[in-house]
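First up is the structure itself, then whatever we jot down about it.
None of the figures in this text is laboratory data; all of them are computed from the coordinates on show. Fair warning: this is a prediction, and the values are worked out from it, not measured in the lab. Cβ sites come from the backbone with ideal geometry, for glycine too, and all protein chains shown count toward neighbours.
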């Protein structure tokens, strides 16, 4: 199996984190000789916000509570450092949480060039807003307020969703459209089929 580079795109509440964990387990089982590097930006930001020991961490917490996008420089620092620390030429790479803006695409392309990652697969979790609203309310996370949920859906719709079309046109890239309304196991099965891992 060749090293895989897989980007997960979908609104918050579409199940990206859950599906990355399930896919990571499959890759570790099927290809145990390789490390699986999963970079989940949202999880890293929530860890920073939980500390609140520095001014930056407090600012991250405030931004999370409002549902606003984190600044591009901070996103690049988090995932850039994770790649530097963990990625080698044999690793599988699973990405969630970036790119979220056009500016972040340029940064990620620079990273792909540096790490010699040409072939990319995108898992596009197509999940209606009504469904992700319901899921976010049911998970009862502190930052899932009415205002923050609507703000996150707005920036996903305006800033992130158009990036799917960028990846459809990007050379050496395959976009897999996945029905995110399916059950967790159903979505997982769709992903495995799309990636030819079942």
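Listing for the model above:
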item: Chain lengthening between residue 1 and residue 18 when straightened (0.36 nm per residue, less Cα-Cα); result: 3.8 nm
item: Separation of the residue 161 and residue 174 label points, Cα + 7 Å toward Cβ, nm; result: 2.6
item: Full-stretch length increase - residue 55, residue 25 - with 0.36 nm per residue and alpha-carbon distance subtracted; result: 7.2 nm
item: Peptides ranked, highest mean first, by Cβ atoms within 10 Å: ranges 137-147, 107-117; result: 107-117, 137-147
item: Prolate/oblate/rounded label for the stretch 114-198 (Cα gyration tensor, a/c 1.5); result: oblate
item: In nm, spacing of pseudo-spin labels at residue 65 and residue 35 (7 Å Cα→C-beta vector); result: 3.6
item: Under 19 Å from the residue 196 label point (7 Å along Cα→beta-carbon), backbone N, the stretch 108-123; result: 118-123
item: Within the chain, percent of DSSP bridges classed antiparallel, to nearest 5; result: 0
item: Viscosity 1.567 mPa s, temperature 4 °C, Stokes-Einstein D of the stretch 5-194 from Kirkwood C-alpha radius, µm²/s; result: 76
item: Ranked 192, 48, criterion: other C-beta atoms within 10 Å, fewest first; result: 192, 48
item: Spin-label model distance (nm) - residue 90 vs residue 73, 7 Å beyond Cα toward Cβ; result: 3.8
